[in-house]
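Reviewing the structure listed below.
The values are calculated or read from the model by the stated rules, or taken from the named source; none is laboratory data. Bear in mind the structure is a predicted one, so any value in this text is a computation, not a measurement. Here the Cβ positions follow ideal geometry from the backbone for every residue, glycine too, while neighbour counts run over all protein chains shown. These accessible areas exclude ligands, DNA and RNA; they are computed on the full protein's heavy atoms, side chains included. Shrake-Rupley method; radii C 1.70, N 1.55, O 1.52, S 1.80 Å.
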2 protein chains.
Amino acid sequence: MSPLRRFPRIFSVGPELLKPNSLAKVPTADLFTKLGFFTHPKPGLVHWLPLGTSVLDKLTSIIHRHMRNSGAEEVRMSALSPAALWQQTGRWTGTELFKLHDSSGSEYCLAATCEEDITAVAAAQIASYKSLPLLYYQINTKFRDEKRPRAGLLRGREFIMKDAYSFDVSPEAAMESYEEMVAAYHRVFSELRVPYVKAEASTGDIGGSLSHEWQYVHPSGEDTLFRCTGCDAVLNVEKTLSFPAEDPANGKAGGPVSVEYFVTDDKNTLVCAYFLSDRTLLPNLLQDEVPEIDLKCGLTQDQILALFSGEDALLSKNVIRVMDLRLHSRSNFPDFPIKFVSRALITTLTDIPIVEAVHGEICGQCSEGVLESSRAIEVGHTFYLGEKYSKPLQCTVSVPGNDGTLETVNAFMGCYGIGVSRLIAAIGEINRDLMGFRWPACIAPWSATVINASTDFSKSERVVSELHDAGVDVRCDDREGLGLGRKIKETKLVGIPLVVIVGKNFPIVEVEIRGKKYNDLWKSLFAQDSEGWEVEYLEDGTSDIKHKVHIERLGSVVASLLKDM
Amino acid sequence: MSPLRRFPRIFSVGPELLKPNSLAKVPTADLFTKLGFFTHPKPGLVHWLPLGTSVLDKLTSIIHRHMRNSGAEEVRMSALSPAALWQQTGRWTGTELFKLHDSSGSEYCLAATCEEDITAVAAAQIASYKSLPLLYYQINTKFRDEKRPRAGLLRGREFIMKDAYSFDVSPEAAMESYEEMVAAYHRVFSELRVPYVKAEASTGDIGGSLSHEWQYVHPSGEDTLFRCTGCDAVLNVEKTLSFPAEDPANGKAGGPVSVEYFVTDDKNTLVCAYFLSDRTLLPNLLQDEVPEIDLKCGLTQDQILALFSGEDALLSKNVIRVMDLRLHSRSNFPDFPIKFVSRALITTLTDIPIVEAVHGEICGQCSEGVLESSRAIEVGHTFYLGEKYSKPLQCTVSVPGNDGTLETVNAFMGCYGIGVSRLIAAIGEINRDLMGFRWPACIAPWSATVINASTDFSKSERVVSELHDAGVDVRCDDREGLGLGRKIKETKLVGIPLVVIVGKNFPIVEVEIRGKKYNDLWKSLFAQDSEGWEVEYLEDGTSDIKHKVHIERLGSVVASLLKDM
């Protein structure tokens, strides 16, 4: 290989990024593109360039390994998904699908998720209960015609996802598959080192009855989580039941009250939700109380009221009033908008929590702990789907019944996503500092940059070869005409965990720590034998920042340092 | 891992495939789907299932390795390609693109190939000649709205491709990159073991001035190749110049003569191509003689003639008559269809080879050897593109000129494709026999199937662990209720190279050869030490078919056998 090929060819860091304090104002999404991790040909679309592809490859290797170890089998589904399947499950309209026709007029969408396709595949494959459990996964590009794509990878029109799907004979067996995937998720996220939480979540468009989000707590996140100081529950705001911190009856008489109107699927019942005007209604909490509510009816408030405003309308129809538990009899309720309503037709439900919790309120699950809120970035989601897709797509399985004859039941499914490109954006954001990115060693574009500060090329060759033999993914910055300081700044900016400087003290080589440290495994190695190995600490003595290591020991020392970060 | 998870869950071979001689009538495309390598949700679309995904993963690993070793850097381009780029290069119409709009009205195609996008990316990245050479590659799904998709993977609407693109400062440097990729292709195709040829090819829609196809010679192929017995040239039919095996003047006076009409880009010259009616005209050979011919004018023969049939038409226009060299003065030429033509305006070119060669004719390159024809399956294509894309997309680079000042030149490009899914279809087709598939060990779904013929589960566990320790990708067929014979048939049908049978002679284990053998590396190991190792040969003694090996030696023997196949 020619030496010229050894370093990514495009590695031109604009001088504006190298000035002191210049990074403070650069959003992470811009830092990615300025450094050449990827570019956006159009908002929401991504061309991954060598630096980014390297991170992506390492991350997908980790996910592949944990998926395989948990028994999942890899598939690779078509990117084009026939409209008919989505029509059968009722998802053809409403979701942000990219739609297209082929030359024969058939209609497709670009796969946004694969519940439909994988269920159809499984339906054709599953012969009997002996074929189950079945656990398929893939890592590939998904598409969503996002109206307002965000810069970077967090909300794109194409994104790389790991999606897995389980098929089982019973809800109990399906929950075993669910727990198996949950365990695999813990292994994946632990290996990535970035602290994460698993939060109870609502099931949203995907459906099903149980779901968890895998979140990175970070102020830039779009999601709001609550953790209860009492029962330790972690919940997405949409799943957080909350009680006010003080009894409303004793508190200041509440401020203005708002009302929102909903209608049931059969259009026969008007549901009026009352809550304090300075709070935000959570329709899915309302739906937990009145399951027949149609949250997707698409009608405006006036259109809903019009359904109930005819002369005779309210003779055959009902009204349910739901009062958030923060209201009390002295609250300032708005007037009821429909005249001639008979009080006999009105049901009133009080003391129901139907608004978003706020920091400091009481946990609705344990009624004791205090809810602490934080922002978070969602990077994974696991769902128990039950029969939601297997029923319309007739994915059935024969199982022996009690009397020995075979009976046919719908498969019980789960689905499990990890936002792979999202993870990279999130980790980039969370781990960066004023010097640039700081990748966990396991997904860094490479692990150590060797920089030659001497004029003797053979020394850095030797260092590269020692590190290579120790299994370290190393690159040598042998660009000509650039100073040592500039090269060190650049590798730190890109976020490579270690900088290895080959200078006048050779065969002693300097190893500078750039990566975030998660533990200190190297210390036990050092305790065994510190010959030819000196450590410099931070001024406060808490943390090692530089290691001076004899070339003979370099490989093992660097390998052990990398395990720490 | 639960033992149930160890074997692909869906492995139900229909009994019709296990009957004697039942495979003879099963097309390879059907064999793939019946065995569960993949399924087609619609013609031309593919869902890869675990068996197929495993082959795909192994093949892509090999390609990745050789691409990296040749200095190529991995990228991953967006699947959606903006219409504007294709309009700039003139390829928006004419090619079979899947087109779609996003919600904001912007128009895209699904990437069918990436010359446009990668050139735009490079144009934004290349600062100066110091950024070059640049060699990018990716392996991902491409799309083509194929009107008549073939069953299987050979002509699909989505296909997996490795595509690489090189950017250089000069034609000479670009040819160095071209040769580097050619060398990498030789390494990839050699590793796959299936004999291949590199043929001179025409550049077609991609353009450029030099190209080679990488072909598997096989009767099922769609392409025709000629090899010259004299100069050893291997050429696609479209590039094959040929002379008749005997002098036409001495031969039988030719049969009927056909004529086809063409027009030049400027519509001022009518080109009449004359050739024997039982031969096939090759318009690109005609174009080599008259480069201005517009092969894509889209006009019918009558429409072309109408351009030249007006009263005054032929006053300002020209006629070129091109005679294939198989014609002579006594040939039965058709009447010239246009009246009042002045002979002064007609140019006649004779002795030009403009038809497809046939088997047994003389090579037009060396004028001596005989052309032998064969059918072939194209699995790769390398192109020297020159400035075809860099010019319209302004991918320029500053280079120091003779006087030391910088001048701006277009980058010189090459592009290099391997049809990854096509390769799998082709190797499946070429290597199969009446027992099923026979995968080269390097891309087999797994390398050896362990089948337990005893009731003692611990023995097969031991065998699996020995093989695993020797680095063999092994699976244990521990399905209950299936006989030994059935299991052996199934693993051979799927095409796994080795069957390892654990029976009553344990610790002696039987290793049956299923894969195609390419050499006999095991013999040197055997010659060193044959203790605990017996070999059974074919009746004619030529080839080993079964090895009886003591468990202690099993790992090394199996590993060495796999290197042979």
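Worth a mention:
- Under 5 Å between amide hydrogens, built in the peptide plane, is the criterion, and for A:Ala233 it picks out A:Cys228 among residues at least 5 positions away or on other chains.
- Cα gyration tensor category, rounded, prolate or oblate, for region A:403-468 with a/c compared to 1.5: oblate
- Calculated P(r) of region A:36-194 - Cα pairs past 29 Å, %: 28
- Region B:56-143, Cα convex hull volume normalised per residue, Å³: 119
- FRET efficiency estimate (nearest 0.05) - Cβ-Cβ, A:Arg187 to A:Lys34, R0 35 angstrom: 0.55
- The C-alpha atoms of chain A define a longest principal axis, and helix A:50-69 lies at about 60 degrees to it.
- Size of charge dipole - the protein assembly as shown - debye, nearest 20, with Cβ of Lys, Arg +1 and Asp, Glu -1, no other charges: 160
- Of all lysines in the structure, the ones whose alpha carbon falls short of 24 Å from that of B:Lys296, not counting any fewer than 8 places away in one chain, are B:Lys99, B:Lys147, B:Lys239, B:Lys267, B:Lys317, B:Lys388, B:Lys391.
- Sum of -39500 (n - 2.57) over DSSP H runs of 4+, divided by residues of chain A (222 nm, nearest 500): -7500 deg cm²/dmol
- Evaluated with a Cβ-only charge set (Lys, Arg +1; Asp, Glu -1), region A:242-352 carries a dipole of roughly 300 debye about its Cα centre, given to the nearest 20.
- Position A:Glu289: other-copy label points at 8.9 nm, ordered by increasing distance, label point 7 Å along Cα→C-beta.
- Buried accessible surface for the B/A pair, both sides summed and rounded to the nearest 100, is 5100 Å² with a 1.4 Å probe.
- Residue among A:Ile377, A:Cys395, A:Gly414 farthest towards the positive dipole end of region A:373-456, charges placed on Cβ: A:Ile377
- With a simple spin-label model that places each label point 7 Å from the Cα along the Cα-to-Cβ direction, the separation between B:Ile62 and A:Ser277 comes to 7.3 nm.
- Taking other residues whose beta carbon is less than 10 angstrom from the beta carbon of B:Ala425, and scoring Lys, Arg as +1 and Asp, Glu as -1, yields +2.
- Under the Debye formula (equal points on every Cα, no solvent term), log10 I(q)/I(0) of region A:242-352 at q = 0.16, 0.18 Å⁻¹: -0.74, -0.92
- Phi-derived couplings, Karplus 6.51 cos²θ - 1.76 cosθ + 1.60 at θ = phi - 60°, listed residue by residue for region A:283-297: x, 6, 5, 4, 5, 4, 7, 10, x, 7, 4, 9, 6, 10, 5 Hz, with x used for Gly and Pro.
- Region B:274-414: C-alpha gyration tensor shape, a/c 1.5 cut-off, then a/b vs b/c: oblate
- Exam field: A:His359 pseudo-label spacings to other copies (7 Å along Cα-Cβ), nanometres: 8.3
- Split the accessible area of region A:242-352 by element, probe 1.4 Å, and carbon with sulfur accounts for 49%.
- Pairs of Cα atoms nearer than 8 Å and 6+ residues apart set the relative contact order; for region A:242-352 it is 34 percent.
- Take region B:247-352 with all the other protein chains still there, run a 1.4 Å probe, and you get 56 Å² of accessible area per residue.
- Relative to the longest principal axis of the Cα atoms of chain A, helix A:551-563 runs at roughly 10 degrees.
- Per-residue shielding of B:144-150, expressed as the average number of other chain Cβ atoms within 10 Å of the residue Cβ, stands at 2.
- When A:Tyr274, A:Tyr537 are compared by accessible area at a 1.4 angstrom probe, the order from most to least is A:Tyr537, A:Tyr274.
- For region A:161-286, the square roots of the Cα gyration tensor eigenvalues, ordered a ≥ b ≥ c, give a/c of at least 1.5 with a/b no greater than b/c, which places it in the oblate category.
- For chain A, fraction of C-alpha pairs farther apart than 40 Å, in %: 41
- The residues packed around B:Gln138, meaning those with a beta-carbon under 9 Å from its beta-carbon, carry a net charge of 0 if Lys and Arg are +1 and Asp and Glu are -1.
- With the alpha-carbon atoms of the protein assembly as shown aligned to their principal axes, the span from lowest to highest coordinate is 118, 85, 83 Å, starting with the largest.
- Degrees separating the helix A:171-191 axis from the principal Cα axis of chain A, which is the longest one: 30
- Divide the volume of the convex hull around the Cα atoms of region B:520-559 by the residue count and you get 65 Å³ per residue.
- Sites A:Val535 and A:Ser22, calculated FRET efficiency, Cβ-Cβ separation with R0 25 Å, nearest 0.05: 0.20
- For region A:172-192, the residues whose backbone nitrogen is under 19 Å from a point 7 Å from the Cα of A:Val409, taken along Cα to Cβ, are A:172-180.
- Projecting the Cα atoms of B:Met161, B:Gly230, B:Pro82 onto the charge dipole of chain B, computed from C-beta unit charges around the Cα centre, puts B:Met161 farthest toward the positive end.
- In the assembled protein chains, B:Met175 presents an accessible area of approximately 60 Å² (probe radius 1.4 Å).
- Surface listing: B:Leu270, B:Leu18, A:Leu521, B:Leu434 arranged by accessible area from highest to lowest gives B:Leu434, A:Leu521, B:Leu18, B:Leu270, probe 1.4 Å.
- A 1.4 Å probe run over the protein chains yields, for region B:446-562, 46 Å² of accessible area per residue, whole-number rounding.
- Once the Cβ-Cβ distance of A:Glu368 and A:Cys297 is raised to the sixth power relative to R0 = 45 Å, the FRET efficiency obtained is 0.75.
- Sequence ranges B:220-226, B:112-118, B:190-196, A:102-108, ranked by mean other-Cβ count within 10 angstrom, highest first: B:112-118, B:220-226, B:190-196, A:102-108
- Remark: label point of B:Asp456 defined 7 Å out from Cα along the Cα-Cβ vector; separations to the same position in other copies 6.2 nm, ascending.
- Spin-label zone in region A:501-535 - amide nitrogen under 20 Å from a point set 7 Å from the Cα of A:Ile551 along the C-beta vector: A:501-512, A:531-534
- With respect to the axis relating copies A and B by rotation, the chain A residue whose beta carbon is closest, plus that distance in Å, is A:Leu100, 2.
- Apportionment of accessible area to carbon and sulfur, region B:446-562, percent (1.4 Å): 48
- Look at the stretch A:56-62: the mean tally of other chain Cβ atoms within 10 Å of its residues' Cβ atoms is 1.
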